[in-house]
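A.B. asks: One structure follows; several queries about it will come next.
Bear in mind these aren't lab numbers, they're just calculated from the coordinates by the rules spelled out. Here the structure is a predicted model, which means the values were calculated and not measured. Note: ideal-geometry Cβ built from the backbone for every residue, glycine included; neighbour counts use all protein chains shown.
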């Protein structure tokens with residue numbers, strides 16, 4: 001075991017798996033213990049874990065990862081339409097297609113580094129979005145989005161003589177993947193994804209990625225060709241994004257172009273930075289927090305706010321409701337923006353840095369009784 | 001050129017930057033196992049010459065041959081894989097990683113080549129490379145700092161670590177760009193001792209330096225560069241006695 005994984009890594013992995021699998025229990029008091037939201041926690045967790053391999057380990061900031069997420073969704077829906085409603089072939093197909101797509105875009109974008117790399121990825125992603133939205137309508141069904149229909153060929157299902165009644169939904173070995181089944185399906189993939197990311201980060205390859213982030217010039221003068229390393233990291237993170245996109249299509253078999261838009265690419269950057277760039281757990285926590293607050297805040301409206309602030313005097317309450325209403329509902333991005341600004345200014349290492357600082361403070365102060373009292377001078 | 005012991009041959013190299021003739025007609029032969037110092041006043045073209053050798057700059061004309069391989073036009077990582085390691089004027093290290101990892105990375109380059117996709121292997125299972133790195137750190141007297149963050153080392157320690165990073169690859173040629181620049185007298189002396197130790201193992205070295213104390217304690221052969229040209233070439237004693245050198249360089253110091 002020692003050569004396979006260190007004790008700390010193993011504990012981290014087991015702890016992570018337990019926290020994830022028990023989410024339906026411990027998130028219920030927070031009003032988040034329902035499958036729909038939990039599935040999104042898993043999906044965007046995977047997206048962020050993969051993004052961190054490129055951004056956190058290798059130091060390349062991509063502003064176009066939503067493109068791979070979208071490609072994963074489209075590929076999965078096509079697999080449902082053409083092959084079978086079973087989820088596994090769809091996932092495999094989606095990961096391969098998004099990996100190939102990432103190989104092409106990564107090959108071109110990695111000719112530059114720094115801000116130019118970011119701009120290139122952004123440009124490619126916006127091109128992909130526009131292709132999906134209009135030019136490639138026969139493949140993507142444009143504005144309406146790609147959906148499952150009763151008339152889809154599904155050759156594998158047809159060959160096995162399986163027929164469906166009603167609206168087709170993705171399955172796993174014949175079981176429908178709605179509700180908690182869908183959550184555990186996604187949770188399994190998140191745990192696998194986390195395990196793989198842990199392995200990558202703790203491997204010689206992971207050390208090379210960190211060295212590229214630290215000093216690319218030294219890497220080259222040390223005898224490494226850094227381009228294939230960065231490209232591998234790019235393709236791996238693209239495949240993670242494709243996997244996440246495919247899972248979103250499994251839980252809700254509809255792929256639209258909007259999930260490739262630059263705001264979606266920006267969101268995963270925010271998740272990673274909010275949680276802690278370069279840490280393993282941070283990006284997942286960032287993803288959970290953003291998805292949680294998106295869910296809570298965007299559901300609030302003026303009536304709920306009025307109730308919440310009702311303890312204030314009437315005139316004041318009206319003003320407060322008016323102001324706070326701008327930060328909830330459709331305006332929840334304002335809140336997100338504020339939180340993000342505060343984190344970047346005061347905790348550049350994200351939530352994980354906050355956790356580290358808190359444990360450091362707790363350790364320094366020690367047990368309260370241990371502190372010696374300063375003798376008071378006698379009056 | 002008839003000399004078969006020549007490892008590095010800089011042949012007829014010119015380098016122009018616009019109108020500036022930074023290097024003119026440079027012809028240099030570095031013999032196997034020797035320490036060859038290149039000295040000269042500031043702006044003489046020493047660093048340009050080193051950058052041409054290492055492939056960072058392409059010469060305007062001429063060529064650099066290392067052990068039968070043309071270096072001109074090759075990428076830095078290819079040049080390293082041929083067996084040339086370099087210590088920079090300002091230490092180029094992996095500041096975000098631990099000292100031990102800094103020294104392990106070059107060992108991976110030596111073992112696995114320019115690119116390997118070994119991402120499912122655990123770093124902890126690489127015991128051979130870890131031990132090699134620890135021996136190397138012991139050699140340069142830094143084993144007690146192995147778990148430190150490389151970025152927080154003193155300048156002298158960074159340089160020693162960078163030297164360890166080069167030595168772990170067992171290069172056939174080691175290039176040192178002012179290895180004692182910005183160091184205290186004490187650190188300079190420990191570095192000289194370390195370089196002497198390396199010399200005993202027969203490693204070929206090219207040193208760029210303007211500290212005469214360092215040069216005369218280490219070099220077997222000295223080439224003096226002034227205004228982009230080699231004005232003298234020979235053993236330390238010959239160079240010291242050369243009136244042209246005294247006029248161009250040493251004279252200014254006295």
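A.B. asks: With just the Cα atoms defining each centre, how far is segment A:307-370 from segment A:76-105? Give it in Å.
C.D. replies: Segment A:307-370 and segment A:76-105 have Cα centres spaced 40 Å from each other.
A.B. asks: Rg/Rh for segment A:7-260 to two decimals, with Rh computed the Kirkwood way over all alpha-carbon pairs.
C.D. replies: On the way: Rg = 19.2 Å, Rh = 19.1 Å.
That ratio is 1.01, to two decimals.
A.B. asks: Below 8 Å, C-alpha to C-alpha, sequence gap of six or more: please give me the relative contact order for segment B:26-180 in percent. All intermediate terms of the calculation are to be shown ahead of the outcome.
C.D. replies: Details: 173 pairs, mean separation 47.6, N = 155.
For segment B:26-180, the relative contact order is 31 percent.
A.B. asks: On to the next question. Please state, as a whole number in µm²/s, the translational diffusion coefficient that the Stokes-Einstein equation yields for the protein assembly as shown at 4 °C and 1.567 mPa s, with Rh defined as the Kirkwood radius across alpha carbon pairs.
C.D. replies: Working: Rh = 28.5 Å.
Using the Kirkwood radius from Cα pairs, D works out to 45 µm²/s.
A.B. asks: Still on this structure, I have one more. Find the relative contact order for chain A and round it to a whole percent, using C-alpha pairs within less than 8 Å whose residues are 6+ positions apart. Walk me through the intermediate numbers first.
C.D. replies: Values: 565 pairs, mean separation 103.7, N = 379.
Answer for chain A is 27 percent.
A.B. asks: For the pair residue A:127/residue A:34, report the inter-label distance in nm, with labels modelled 7 Å from Cα in the Cβ direction.
C.D. replies: Roughly 4.2 nm, to one decimal.
A.B. asks: Size of segment B:93-170 along its principal axes in angstrom, Cα-based, largest extent first?
C.D. replies: Computed over segment B:93-170, the largest-to-smallest principal extents equal 34, 24, 20 Å.
A.B. asks: Say a paramagnetic label sat at a point 7 Å from the Cα of residue A:137, along Cα to Cβ; which residues of segment A:67-99 have their backbone N under 17 Å from it?
C.D. replies: Label zone hits: none.
A.B. asks: Helix B:185-200 sits at what angle to the longest principal axis of chain B, using alpha carbons and giving 0 to 90 degrees rounded to 10?
C.D. replies: Long axis of B:185-200 versus the principal axis of chain B: about 90 degrees.
A.B. asks: Rank A:261, A:198, A:167 by mean-square fluctuation in a GNM of chain A with C-alpha springs under 10 angstrom and give only the top-ranked residue.
C.D. replies: A:167
A.B. asks: Most mobile of A:44, A:68, A:327 per a Gaussian network model of chain A (Cα springs, under 10 Å)?
C.D. replies: Among A:44, A:68, A:327, the largest mean-square fluctuation in the Gaussian network model of chain A belongs to A:327.
A.B. asks: May I ask you to sort B:90, A:263 by Cβ crowding, counting other Cβ atoms within 10 Å and putting the fewest first?
C.D. replies: Details: B:90 13, A:263 10.
Ordered by Cβ neighbours within 10 Å, fewest first: A:263, B:90.
A.B. asks: When the expected Rg is taken as 2.2 N^0.38 Å, what fraction or multiple of it is the alpha-carbon Rg of chain B?
C.D. replies: Numbers: Rg = 18.6 Å, N = 254, 2.2 N^0.38 = 18.0 Å.
Taking N as the residue count of chain B, the ratio is 1.03.
A.B. asks: I need B:99, A:169 ordered by Cβ neighbour count within 10 Å, fewest first.
C.D. replies: Numbers: B:99 27, A:169 17.
In order of increasing Cβ crowding within 10 Å: A:169, B:99.
A.B. asks: Shifting gears a bit: What is the order of A:155, B:87, fewest Cβ neighbours within 10 Å to most?
C.D. replies: Details: A:155 11, B:87 23.
Ordered by Cβ neighbours within 10 Å, fewest first: A:155, B:87.
A.B. asks: Select from A:175, A:307, A:126 the residue whose mean-square fluctuation is largest in a Gaussian network model of chain A (Cα-Cα springs shorter than 10 Å).
C.D. replies: Of the options given, A:307 has the highest mean-square fluctuation.
A.B. asks: Could you compute the FRET efficiency for residue A:14 and residue B:16, with r as their C-beta to C-beta distance and R0 at 56 Å, rounded to 0.05? Let's see the in-between values first.
C.D. replies: Values: r = 63 Å, r/R0 = 1.13.
The formula returns an efficiency of 0.30 here.
A.B. asks: Show that you can apply the helix-only estimate: for chain A, add -39,500 (n - 2.57) for every DSSP H stretch of four or more residues, divide by all residues, and state [θ] at 222 nm to the nearest 500.
C.D. replies: Numbers: 18 runs with 251 residues, N = 379.
Computed ellipticity for chain A at 222 nm equals -21500 deg cm²/dmol.
A.B. asks: While we're here: Suppose each label sits 7 Å from its Cα in the direction of the beta carbon; what would the residue A:7-residue A:345 distance come out to in nanometres?
C.D. replies: Here the answer is 4.4 nm between the modelled labels.
A.B. asks: Something else about it: Rounded to the nearest 500 deg cm²/dmol, what is the calculated helix-only ellipticity per residue at 222 nm for chain B, with -39500 (n - 2.57) per DSSP H run of length n ≥ 4?
C.D. replies: -10000 deg cm²/dmol
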